[in-house]
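> There's a structure below that I have some questions on.
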Amino acid sequence: MLFLQGKLTRLRLRVMKKIYWTYANAVEQVLGFLDSERKDIQKLCLGQEFHEWVEDKVTRTSIVENLLKFKETLEIFSYSGHADGEHLLTEEDASHMEGIAGLLGSCPKIKLVFLNGCGTKKQVDFLRSQGISVIVYTHSKVDDDLAKIFAVTFFGSLLAGSTVNASFIDARSAVKAAASSNARQIYFRSYRGLEFNNAQPNEWGFIIKRRFMKLVL
């Protein structure tokens, strides 16, 4: 577990923001790109004006504890790792999104939830019922390497000052650029889930309340 505080360099931000990034792997299907995604995200955060908490090998217990700890200041929650339907497959035990969504909904400043695992679309209803303004999710299975590209591009664009809407478009474009490579199809085939449906793979979705279309960090 690592806590990093960015330098106060961006004067347009009047208050310190809190972002909680979580990562979980699985013994039965290790995700080879998950750790490099975490490291790239941490590099993006250097020099930024906010508090970030990056948690590797996240468990259900640690998510609950930290969501309660960050309750009054949390604005963004991000999960990368295995998922299946209604669960985040956190280390040791799965975490049902209905409970996680309830905790996120009790955070008065929460704006964005980013779910970067396979087939997280079913979890959207739980989050919407709690009034979450912006949700990024997946329609079905996603390749591990493309999921990393999507996350790093999305947050890279967002931290550079783009709106969440523009950041999502940038991330999808980056994935399409990588997915079109024939060489990639041969060498990389690891998914961020353990059970899959027959839907088109590598499709991310985006739900946002209209008044947040131009939201920036």
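The values are calculated or read from the model by the stated rules, or taken from the named source; none is laboratory data. If you're wondering where the values come from, they're calculated on a predicted model, not measured in any experiment. Heads up, the Cβs are rebuilt from the backbone with ideal geometry, glycines too, and the neighbour counts pull from every protein chain shown.
> Where residues in the stretch 43-83 are more than 15 Å from the chain's Cα centre (by Cα) and assigned to a strand (DSSP E or B), which of them is modelled with the lowest pLDDT?
Step by step, filter the stretch 43-83, then rank; the result is 50.
> Let me ask another. Identify, please: which residue in the stretch 138-183 is surrounded by fewer than 18 Cβ atoms within 10 Å (Cβ to Cβ) and among the β-branched types (Val, Ile, Thr) and is, among those, modelled with the highest pLDDT?
Of everything passing the filter in the stretch 138-183, 169 is modelled with the highest pLDDT.
> Any residue in the stretch 78-92 that's on the phi > 0 side of the Ramachandran plot and surrounded by fewer than 24 Cβ atoms within 10 Å (Cβ to Cβ): show its pairings with residues that are hydroxyl-bearing (Ser, Thr, Tyr) and modelled with pLDDT of 90 or more at Cβ separation under 9 Å, as long as the two are six or more apart or on different chains.
Matching pairs, first to second residue: 85/120; 92/59; 92/61.
> Keeping to the stretch 19-74, report how many residues are charged (D, E, K, R), touching a Lys or Arg at 6+ places or on another chain (Cβ under 8 Å) and touching a residue at least 60 places away in the same chain (Cβ under 8 Å).
Qualifying residue count for the region: 2.
> Would you be able to tell me the number of residues in the stretch 96-110 that are in contact with a Ser or Thr (Cβ under 9 Å, 6 or more places away or on another chain), crowded, with 18+ Cβ neighbours inside 10 Å and farther than 19 Å from residue 151 by Cβ?
Looking only at that region, the number is 2.
> Go through the stretch 25-42 and count every residue that is of a type in the set (A, V, I, L, M) and either surrounded by 14 or more Cβ atoms within 10 Å (Cβ to Cβ) or modelled with pLDDT of 90 or more (or both).
Result for the stretch 25-42: 4.
> Run down 135, 207, 186 and say which single residue is hydrophobic (A, V, I, L, M, F, W, C), modelled with pLDDT of 95 or more and at negative phi.
Answer to the selection: 135.
> Here is a further query. Looking at the structure I just gave you, is residue 113 crowded, with 22+ Cβ neighbours inside 10 Å, within 16 Å of the chain's Cα centre (by Cα), within 22 Å of residue 139 (Cα to Cα) and free of Cβ contacts under 8 Å to residues at least 60 places away in the same chain?
For residue 113, the condition - crowded, with 22+ Cβ neighbours inside 10 Å, within 16 Å of the chain's Cα centre (by Cα), within 22 Å of residue 139 (Cα to Cα) and free of Cβ contacts under 8 Å to residues at least 60 places away in the same chain - is met.
> Given the options 111, 57, name the one that is of a type in the set (D, E, K, R) and on the phi > 0 side of the Ramachandran plot.
57
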